[in-house]
Amino acid sequence: MRGPRRIAVTAVFLIAAIAVTPAVAARSLAPADYLDMEQVLDPQLSPDGTQVIYTRRYVDTMSDKWVSSLWIVNTDRSRHRFLVDGSDARWSPDGRRIAYLDDGEPEGTQIFVRWMDGEGATSQITHVVEAPANILWSPDGRRIAFTALVPSKDNWKVEVPDAPEGAKWTKPPRLVEHMHYRQDRRGFLENGFNHLFVVPADGGTPRALTEGAWNVGARPSGIVDDVTLSWTPDGREILFDGLRAEDADTRYRESHVYAVELDSRAIRQITHRKGPWTAPVVSPSGKHVAFVGFDWTAQAYKADELYVIGIDGSDARQISGDFDRDPSSLHWAADGRGVYFTAEDRGSRNVYFASVQGGVRPVTTGVQILSLNSVGTNGVAVGVRSTPQRPGDAVTFKLSRNAAVQQLTDVHSDILADVTLGGVEEVWYTSKDGTRVQGWLVQPPGFDPQQKYPLILHIHGGPHSMYGVGFNFSFQDFAAKGYLVLYTNPRGSTGYGTAFGNAIHDAYPSVDYDDLMAGVDAIEARGYVDPARLYVTGVSGGGVLSSWIIGHNNRFAAAAVRAPVINWISFAGNTDIAAWGYARFEKPFWENPQKWLDHSPLMYVKNVRTPTLLMTGELDLRTPMGQTEEYYQALKTLGVPVAMLRFHEEYHGTGSKPANFIRTQQYIASWFDRYPGPAAVTTRR
């Protein structure tokens, strides 16, 4: 489950990508291959444009977790090598050093600086208790900005006698005074506020630039997200997003752009209209700021717009015109004439350019998921590229129209060289009311259209998110097991414009159900789907729709409902994104409970005949376990075949731990194998 903008973890694990050499293809993908997959993330181009540092993640099978290290490669693909353990590397402006994050002393994340000469001397430059994040060099290379939590003390005057020596008293109660006091994958949040600091690049004491009962960093749905920081070219100010208000925690979808002056610590507000204004980036001249957002609206989804404003807060202009997609990863052109950015469109993500005079043009095109991580002054950019059959690798490309993308890394050829992957076909079909919907069909290796195959309908979460064309291990694994896998972007999805994404406003689920079922109809009509072996699954928002589907028809032989919301009323006050939860419908449930009940899958449980597997992480704070338990007990009471899997050490979703990802795949396949055709289920009244 996500907030109005990509605030949560993706529901399906997309691994970003590689060029698969078509060698001897002797086998299908195996679940164990997942443990050998790697991730290429966050490539950063050196100032002279000759080297790229990136974060490389691999599975530590002994600890059952992903581990990060930094690797470096020349832009001509030579000298590809390990550099140091850590992540989030950033080049100094002169290219002679890098700053990065790694474990240090005191225990926890710290900032390190490494010299990039032959000696490679490394220094830990922070020794802080609260983990630093969002590191950014000053233009002169003398300082590094970062954000960190500043714990706050409660002002309760409670006198409790000291415990007798040797006694074991319980801990004092956890004080909660905010709406958003816990967060998925973080647990209970420590009381305090996120603030901005600078530290000398050669080490020293961090200096706080902001303070108070508010957070640096926009929180449109109330929870912690990445913070956008941007230095002015003269190094006198740092721009950031956030909401400088003591009641920010309850102000859904509001944030502003601010600037703080380093010497005086004076803060000035640059944006003033109400809305979720985020991601400020200062122009090379220092005279303008690019940022994204829109004038506040209560509608469920609206695509962000790209703006430019004077550094003094004057002359705010929307420059993205009628683009109607979400700009992200903003980078100014070196000459200041416009802004490069990425945007999702119809399952792909490419790079675009918006002129400060207005108007957007594509820079890259194609069926791919392409990021824009770093841009050089010479017009060269680096990112990560993935395609349907190529997991993610670092690439470089020139920021000229239709420039060729050159691959820098190749981290999966050793794994996939002898693997036959399933074919991925793009499909378009017409929904019930005539709306055109896009999807993709993954075919089993050796697919023969003259045969009959079982079909899995796989539904994305969000609901305001998008299935993309990047390589997806989960789908390929199901295809290797003999399934057709259909994944689509029904209404409510991003990447198709505001009207399409907002079609489920005040009505979720609704027309998205029609879009999903029309997709199943379209593929089934081709003749190679076994109609007795239709299956449905999805996580988070996909769990919502999976449970909705089985409450509204009995076409599926079995379902795997993962991390669902089945009762919007009980969900709203129990999720970590409570502001988002209470904004699901136009009126709160205490004013119009029927609306909330009408869209809750639990209210249709009496119609369910489909054998249902429920899967949720025991630590889940986004769609808490209580949602799954409510549905399980109702299905059990009605006599529907049902099983519940409670995943240990998992927050939202069931695949952050490598072993749990494999278990998820295997349990779903095992459940579906139990039901090779429609089951006759008699419910009790």
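The values are calculated or read from the model by the stated rules, or taken from the named source; none is laboratory data. Remember, predicted model here, so these are calculated numbers, not experimental data. Reconstructed Cβ throughout: ideal geometry from the backbone, glycine too, with neighbour counts over all protein chains shown.
Residues in the range 309-356 that are in contact with a Leu (Cβ under 7 Å, 6 or more places away or on another chain) and either in a loop (DSSP other than H, G, I, E, B) or hydrophobic (A, V, I, L, M, F, W, C) (or both) were compared, and the one that is farthest from GLY501 (Cα to Cα) is VAL339. The test for being modelled with pLDDT of 95 or more, surrounded by fewer than 21 Cβ atoms within 10 Å (Cβ to Cβ) and assigned to a strand (DSSP E or B) does not hold for ASP521. Taking the conditions exactly as written (over 18 Å from PRO233 (Cα atoms) and among the polar types (S, T, N, Q)), does SER255 satisfy them or not? So SER255 fits the description; yes.
Restricting ASP598, ASP620 to residues that are buried (at least 23 other Cβ atoms within 10 Å of the Cβ) and either farther than 19 Å from TYR252 by Cα or not basic (Lys, Arg) (or both) narrows the list to ASP620.
Residue count for the range 51-70 satisfying the condition of being crowded, with 18+ Cβ neighbours inside 10 Å and either in contact with a Leu (Cβ under 6 Å, 6 or more places away or on another chain) or of a type in the set (Val, Ile, Thr) (or both): 5.
Within the range 354-388, the set of residues being more than 21 Å from the chain's Cα centre (by Cα) and within 30 Å of GLY423 (Cβ to Cβ) comprises PRO362, VAL363, THR364, THR365, GLY366. Does ALA279 qualify as being in contact with a helix residue (DSSP H, G or I) (Cβ under 6 Å, 6 or more places away or on another chain) and either in a strand (DSSP E or B) or crowded, with 18+ Cβ neighbours inside 10 Å (or both)? So ALA279 fails the test. Screening GLY336, GLY366, GLY379, GLY359 for residues that are surrounded by fewer than 18 Cβ atoms within 10 Å (Cβ to Cβ) and in contact with a Ser or Thr (Cβ under 6 Å, 6 or more places away or on another chain) leaves exactly one candidate, GLY336. Check whether at least one residue in the range 419-430 is loosely packed, with under 15 Cβ neighbours inside 10 Å, within 26 Å of MET37 (Cβ to Cβ) and modelled with pLDDT under 95, and report yes or no. Scanning the range 419-430, I find no residue that is loosely packed, with under 15 Cβ neighbours inside 10 Å, within 26 Å of MET37 (Cβ to Cβ) and modelled with pLDDT under 95, so the answer is no. Report yes if SER546 is touching a Lys or Arg at 6+ places or on another chain (Cβ under 8 Å) and of a type in the set (S, T, N, Q), otherwise no. Yes: the conditions hold for SER546. The number of residues in the range 588-607 being closer than 20 Å to VAL511 by Cα and in contact with a helix residue (DSSP H, G or I) (Cβ under 7 Å, 6 or more places away or on another chain) comes to 8. Determine whether the range 101-123 contains at least one residue that is hydrophobic (A, V, I, L, M, F, W, C), touching a strand residue (DSSP E or B) at 6+ places or on another chain (Cβ under 6 Å), over 30 Å from PRO284 (Cα atoms) and part of a loop (DSSP other than H, G, I, E, B). The answer is yes; a qualifying residue exists.
Residues in the range 71-92 that are surrounded by fewer than 13 Cβ atoms within 10 Å (Cβ to Cβ) and either outside any loop (DSSP other than H, G, I, E, B) or on the phi > 0 side of the Ramachandran plot (or both): ARG79, ARG81, PHE82.
Taking the range 178-254 as the region of interest, none of the strands (runs of 3 or more DSSP E) fully inside it holds 3 or more residues being farther than 17 Å from ARG265 by Cα and out of contact with any Phe, Trp or Tyr (no Cβ under 6 Å at 6 or more places or on another chain). Taken over the range 124-154, the criterion of being outside any strand (DSSP E or B), within 27 Å of PHE193 (Cβ to Cβ), out of contact with any Gly (no Cβ under 9 Å at 6 or more places or on another chain) and in contact (Cβ under 8 Å) with a residue 40 or more places away in the chain is satisfied by PRO132 alone. Within the span defined as the range 127-137, one or more residues are charged (D, E, K, R), closer than 30 Å to SER221 by Cβ and within 27 Å of the chain's Cα centre (by Cα). Among the residues of the range 390-424, those identified as outside any strand (DSSP E or B), out of contact with any Asp or Glu (no Cβ under 9 Å at 6 or more places or on another chain) and either under 17 Å from ALA26 (Cβ atoms) or aliphatic (A, V, I, L, M) (or both) are LEU399, ALA403, ALA404, SER413, ALA417, ASP418, LEU421, GLY422.
Select from the range 192-231 the residues that are under 21 Å from the mean Cα position of the chain (by Cα) and of a type in the set (A, V, I, L, M, F, W, C) and list them in ascending order. VAL216, ALA218, ILE223, VAL224, VAL227, LEU229 - these are the residues of the range 192-231 that are under 21 Å from the mean Cα position of the chain (by Cα) and of a type in the set (A, V, I, L, M, F, W, C).
Say whether the condition of being under 20 Å from the mean Cα position of the chain (by Cα), under 16 Å from PHE341 (Cβ atoms) and either polar (S, T, N, Q) or surrounded by fewer than 23 Cβ atoms within 10 Å (Cβ to Cβ) (or both) is met by at least one residue in the range 395-416.
no
Here ARG436 meets the list (1) in contact (Cβ under 8 Å) with a residue 24 or more places away in the chain; (2) surrounded by fewer than 17 Cβ atoms within 10 Å (Cβ to Cβ); (3) among the basic types (Lys, Arg) almost entirely, failing just condition (1). Restrict the check to the range 311-329 and report whether at least one residue is of a type in the set (Phe, Trp, Tyr), touching a residue at least 40 places away in the same chain (Cβ under 8 Å) and crowded, with 19+ Cβ neighbours inside 10 Å. No, the range 311-329 contains no residue that is of a type in the set (Phe, Trp, Tyr), touching a residue at least 40 places away in the same chain (Cβ under 8 Å) and crowded, with 19+ Cβ neighbours inside 10 Å.
List the helices (runs of 4 or more DSSP H) inside the range 565-665, counting only whole elements, that have at least 2 residues being under 24 Å from the mean Cα position of the chain (by Cα) and farther than 27 Å from ARG186 by Cα. Spell out how you get there, then give the answer.
Working: elements: 568-572, 578-582, 593-598, 625-638.
Hits in the range 565-665: none.
Of all residues assigned to the range 628-644, none qualifies as being more than 23 Å from GLY581 (Cα to Cα), at pLDDT below 95 and among the small types (Gly, Ala, Ser).
Here ASN350 fulfils each of the conditions (1) within 30 Å of GLY581 (Cα to Cα); (2) free of Cβ contacts under 8 Å to residues at least 60 places away in the same chain; (3) within 18 Å of the chain's Cα centre (by Cα) apart from (1). All conditions but one from (1) under 27 Å from LYS65 (Cα atoms); (2) in contact (Cβ under 8 Å) with a residue 40 or more places away in the chain; (3) surrounded by fewer than 17 Cβ atoms within 10 Å (Cβ to Cβ) apply to GLN665; the one that does not is (3). Can you confirm whether the range 40-59 contains a residue that is assigned to a loop (DSSP other than H, G, I, E, B), within 25 Å of the chain's Cα centre (by Cα) and free of Cβ contacts under 8 Å to residues at least 60 places away in the same chain? No, because not a single residue in the range 40-59 is assigned to a loop (DSSP other than H, G, I, E, B), within 25 Å of the chain's Cα centre (by Cα) and free of Cβ contacts under 8 Å to residues at least 60 places away in the same chain.
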